[in-house]
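**Student:** Below: one structure in structure tokens.
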Amino acid sequence: MTINPDLQGRSYPAAEVYNVGREKIREFARAVKATHPAHFDVAAAKALGHLDLVAPPTFAIIVAQRADAQLIEDPESGIDFSRVVHADQRFTHHRPIIAGDRLVAELHVDGVRAMGGGAMITTRSEIFALGSSDSADVREPVATTTSSILVRGEGQ
């Protein structure tokens, strides 16, 4: 199956809420070798003016990849995940991610470019923190991630 060129411009709505917990931040920080005390110790984070533990900047990838899964799993996309190579990832932070955040992400397909027998797909995830309710109008921008994947064609 070939990549659907009509993916460009498509958006996928925010789906499940990701609850950011202290242990999730600590585990992620250990995994990426982030050693700042604000990732592990609430008092250290509060001394910096935060309400709770602060996630390392790349923590946003957890939420972004959940949004990316909607595209990968979309039968209309034509994407065979076994042929995907991750090409690029960028983060723009609007504020730190902290323990207690309830995050959602909207996915936007910004580009689809044929490359040989495959395609380069560029996506953007807008990550928001929900307020005390799940209302769509109570969302605070947290981060924007941009990702590029190369879907190899047959024989590549």
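The values are calculated or read from the model by the stated rules, or taken from the named source; none is laboratory data. What you see is a predicted model, and the numbers here were worked out from it, not measured in a lab. For neighbour counting, all protein chains shown are included, and Cβ atoms are generated from backbone atoms with ideal geometry for every residue, glycine included. What goes into the accessible areas is simple: the full protein's heavy atoms, side chains included, and nothing from ligands, DNA or RNA. Shrake-Rupley method; radii C 1.70, N 1.55, O 1.52, S 1.80 Å.
**Student:** Restricting segment 117-137 to residues that are in contact with a Gly (Cβ under 6 Å, 6 or more places away or on another chain) and at pLDDT below 95, which is surrounded by the fewest Cβ atoms within 10 Å (Cβ to Cβ)?
**Tutor:** Ranking the qualifying residues of segment 117-137, first place goes to G117.
**Student:** Quick one: in segment 138-156, of everything that is open to solvent by 40 Å² or more (accessible area, probe 1.4 Å) and either basic (K, R) or within 15 Å of I72 (Cβ to Cβ) (or both), which residue is modelled with the highest pLDDT?
**Tutor:** Checking each candidate, the answer is L150.
**Student:** Go through segment 80-130 and give me each residue that's in contact (Cβ under 8 Å) with a residue 40 or more places away in the chain, part of a strand (DSSP E or B) and among the charged types (D, E, K, R).
**Tutor:** Answer for segment 80-130, where residues must be in contact (Cβ under 8 Å) with a residue 40 or more places away in the chain, part of a strand (DSSP E or B) and among the charged types (D, E, K, R): D88, R90, R102, E106, D110.
**Student:** Looking at A31, is it modelled with pLDDT of 95 or more, open to solvent by 50 Å² or more (accessible area, probe 1.4 Å), among the hydrophobic types (A, V, I, L, M, F, W, C) and under 21 Å from T145 (Cβ atoms)?
**Tutor:** The answer is yes for A31.
**Student:** Is segment 44-56 home to any residue that is touching a helix residue (DSSP H, G or I) at 6+ places or on another chain (Cβ under 7 Å), within 20 Å of A143 (Cα to Cα) and either of a type in the set (V, I, T) or not in a loop (DSSP other than H, G, I, E, B) (or both)?
**Tutor:** yes
**Student:** Let me ask you something else. Have a look at D88, D110, D74, D80 and point out the one that is at pLDDT below 95, more than 28 Å from K33 (Cα to Cα) and under 19 Å from the mean Cα position of the chain (by Cα).
**Tutor:** Testing whether each residue is at pLDDT below 95, more than 28 Å from K33 (Cα to Cα) and under 19 Å from the mean Cα position of the chain (by Cα) leaves just D74.
Residues checked against (1) within 24 Å of V20 (Cα to Cα); (2) touching an Asp or Glu at 6+ places or on another chain (Cβ under 9 Å):
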{"site": "F59", "(1), (2)": "yes, no"}
{"site": "D68", "(1), (2)": "yes, no"}
{"site": "I79", "(1), (2)": "no, yes"}
{"site": "Q89", "(1), (2)": "yes, no"}
{"site": "A105", "(1), (2)": "yes, yes"}
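**Student:** Which residues, taken from segment 5-32, are in a loop (DSSP other than H, G, I, E, B), in contact with a strand residue (DSSP E or B) (Cβ under 8 Å, 6 or more places away or on another chain) and not acidic (D, E)?
**Tutor:** Q8, G9, R10, P13, A14, A15, V17, V20
**Student:** Kindly indicate whether any position in segment 4-21 is within 18 Å of H108 (Cα to Cα), polar (S, T, N, Q), without any contact (Cβ under 8 Å) to a residue 24 or more places away in the chain and surrounded by fewer than 19 Cβ atoms within 10 Å (Cβ to Cβ).
**Tutor:** no
**Student:** Across segment 22-41, which residue is nearest to G100 (Cα to Cα) among those that are in contact (Cβ under 8 Å) with a residue 12 or more places away in the chain and touching a His at 6+ places or on another chain (Cβ under 9 Å)?
**Tutor:** Out of the qualifying residues, it is I25.
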